[in-house]
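Scroll down for the structure; my scribbles are underneath it.
The values are calculated or read from the model by the stated rules, or taken from the named source; none is laboratory data. Given the structure is predicted, the values throughout are model-derived calculations rather than measurements. Positions of Cβ are backbone-derived with ideal geometry, glycine not excepted, and every protein chain shown enters the neighbour counts. Note: accessible area is taken over every heavy atom of the protein model, side chains too, but ligands, DNA and RNA are not part of it. Shrake-Rupley method; radii C 1.70, N 1.55, O 1.52, S 1.80 Å.
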Amino acid sequence: MSGGQVFATRWDLLFAQVLIGVDRTTGVFSGSEPAPGRQLVCVWTSEARAGEALHLESWDLKKISVRSLLTVLPAGIGIHVDPAVPSGMTASADYVAQLKRYLVPFPDGADVRRAPWDGLDASAREALADAADDHVSELHAFGFTVDDSPTLGCLAYVAAGGPAPADAVRTTLAASIDLDSLGVPTVIVVPLEEVPEALRATLGDADRVRREKRPRFWRR
């Protein structure tokens, strides 16, 4: 990664939201070729910077997460962030290839460890418990790191009544609580069986999300 480092770490870049130009006629992304065979897709961190670089009568500006961009970016293409801006940066095709391994929650060979998830307070757990009711039979919430990442959030579930896609469970949970407001760069929703065995072995009763028991009052 080279340049003024508008994103200080690979994780800042990986979890960033950027703007990309899409040609109105062809649907092709904005890009450049600073050297023969060296192709870069160009993105911007603000509308003002994108507007200075593109003729907006020919381009539509679309907001996109870098993670989503990486899923559609062909091999051999890098990313140029804020071209011609001193704080801009270039992620080479090789660097982008390294980033792509982190698109999965638990990459093969990565150092995955438990970590405190400070943003998951009692009210957030209660909201998750309410959302999970009737949809999953178990829900575990915990923080973890991957290699040198910041703390990430994980919601690991056992679906009620048989397997359920992670996207559907995430949508169900997100209907009751803003998962982006829980103090971590991303919250990963996965079936419990997909959590690495070594990490799964660290889970305890305190990690399980359930409704608080209400006190009962008896009359005599």
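How large is ³J(HN,Hα), in whole Hz, for each residue of region 143-153 in order, when computed from phi with the Karplus curve 6.51 cos²θ - 1.76 cosθ + 1.60 and θ = phi - 60°, using x for Gly and Pro?
Per residue, the Karplus-derived 3J(HN,Hα) values read x, 7, 10, 10, 6, 9, 6, x, 5, 10, x Hz.
Which one, [x] 16.6; [y] 10.3; [z] 12.1, gives mean projected area of the Cα convex hull in nm² as derived from the coordinates shown?
Only one listed value fits the structure, namely [x].
Could you tell me the distance between the Cα centroids of region 141-165 and region 26-52, to the nearest Å?
So the two Cα centres are separated by 34 Å.
State log₁₀ I(q)/I(0) for region 41-154 at q = 0.10, 0.11, 0.18 Å⁻¹ as given by the Debye formula over alpha-carbon point scatterers of equal weight, solvent excluded.
-0.50, -0.59, -1.01
If you plug each phi of region 181-187 into the Karplus form 6.51 cos²θ - 1.76 cosθ + 1.60 with θ = phi - 60°, what whole-Hz ³J(HN,Hα) values come out, in order, with x for Gly and Pro?
9, 9, x, 10, x, 7, 10
Using amide H atoms built 1.01 Å from N in the peptide plane, name the residues 5+ places from GLN39, or on other chains, whose amide H lies under 5 Å from its own.
Under 5 Å from the amide H of GLN39 lie the amide H atoms of GLY78, each far enough along the sequence or on another chain.
Using DSSP to define loop residues, name the GluC sites (Glu not before Pro) in region 1-73 whose beta-carbon has at most 15 other beta-carbon atoms within 10 Å. Don't skip to the answer; put the middle values down first.
On the way: sites: GLU47, GLU52, GLU57; in loops: GLU57.
Counting only loop positions with at most 15 other Cβ atoms within 10 Å, the GluC sites (Glu not before Pro) in region 1-73 are GLU57.
Given q = 0.10, 0.22, 0.25 Å⁻¹, what are the Debye log10 I(q)/I(0) values for region 10-101, with equal point scatterers placed on the Cα positions and solvent ignored?
After summing over all Cα pairs, the log10 values are -0.23, -1.17, -1.48.
Considering amide H positions built from the backbone, and no H for Pro or chain starts, which residues 5 or more places from ALA164, or on another chain, come under 5 Å of its amide H?
ALA159
Determine the principal axes of the Cα atoms in region 139-194, then give the extent along each, sorted from largest to smallest and rounded to whole angstroms.
Principal-axis extents of region 139-194 (Cα, largest first): 36, 24, 15 Å.
Tally up the carbon and sulfur contribution to the accessible surface of the chain as a whole percent, 1.4 Å probe, everything protein left in place.
So the carbon and sulfur contribution to the accessible surface is 50 percent.
Could you do me a favour and compute the accessible area per residue for the chain, 1.4 Å probe, result in Å²?
Ligands and nucleic acids excluded, the result is 56 Å² per residue.
Summarise the long-distance tail of P(r) for region 112-209 by giving the % of C-alpha pairs beyond 17 Å.
In whole percent, the share of Cα-Cα pairs in region 112-209 beyond 17 Å is 45.
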